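Report on the following structure.
The values are calculated or read from the model by the stated rules, or taken from the named source; none is laboratory data. These figures come from a predicted structure and were not determined experimentally. Quick reminder, even Gly has a Cβ in these numbers, built from the backbone with ideal geometry, and neighbours come from all protein chains shown.
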Amino acid sequence: MFLLPLVIFLALSAVFLLQLLSGRDISVVPSALIGQPAPLTKLEPLEGTKLPGFDVEMFKGKVTLVNVWGSWCVPCRQEHPMLMELGQDKRFQIAGINYKDQPQNALRFLGELGNPYDLIGVDQNGRAVIDWGVYGVPETFVVGPDGTILYKHVGPLTQQAILEKILPEVDKALAAPAS
């Protein structure tokens, strides 16, 4: 009986060691939504931007990057220059979900850093992002022209993530035959 704690400790240590040595990218958070239709989400626009609100119906026939962000989110501020760069690429649209934010703070954030979004919806209570399977902000999704979620990036976008993951998914979506 006195060896039981030692056996449990060794078993847990073995599990952690196997995970460490597996070579898997632990930053990848699997999403059950990959390959599934985007959740039917409709959100009111962010007042003061003169942009339409978030509506999945507006994705039809277009590749869309969906970015979940908040002005209070430090990593969102870090990734914002990358979103501004992506906003110059007219092959796709960028839809923002402003998560649990005060409208005046969101407007100030966009006023300071620029607005890369083609449409922005306000998710004041955080219910819409639950449907999207969001763990935290920022998160970015690539949605194909048929409304299917193709890729999910958790955390702030980096140049590497854009070049190695986001843009290749966009290119694949644009090259796919229309259904």
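Below is a table of values for the structure above.
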quantity	calculated
Tally of residues being without any contact (Cβ under 8 Å) to a residue 24 or more places away in the chain and surrounded by 15 or more Cβ atoms within 10 Å (Cβ to Cβ) across the stretch 164-179	2
Single residue of the stretch 137-163 satisfying the filter (free of Cβ contacts under 8 Å to residues at least 40 places away in the same chain and of a type in the set (A, V, I, L, M, F, W, C)) that is farthest from N67 (Cα to Cα)	L163
Residue selected from the stretch 58-75 under the condition of a type in the set (A, V, I, L, M, F, W, C) and touching a helix residue (DSSP H, G or I) at 6+ places or on another chain (Cβ under 8 Å), by the criterion farthest from A106 (Cα to Cα)	V63
Candidate set from the stretch 1-49 (those that are modelled with pLDDT under 80 and charged (D, E, K, R)); member that is farthest from the chain's Cα centre (by Cα)	R24
Filter result for the condition that a residue is more than 10 Å from the chain's Cα centre (by Cα), at pLDDT 95 or above, acidic (D, E) and closer than 12 Å to V66 by Cα, over D101, D118	D118
Qualifying position, being among the acidic types (D, E) and closer than 23 Å to E47 by Cα, among E164, E139	E139
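Residues are listed down the side, and each one gets a yes or a no for (1) touching a residue at least 40 places away in the same chain (Cβ under 8 Å); (2) crowded, with 21+ Cβ neighbours inside 10 Å; (3) charged (D, E, K, R):
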residue	(1), (2), (3)
M58	yes, no, no
L65	yes, yes, no
C76	yes, yes, no
I94	no, no, no
N98	yes, yes, no
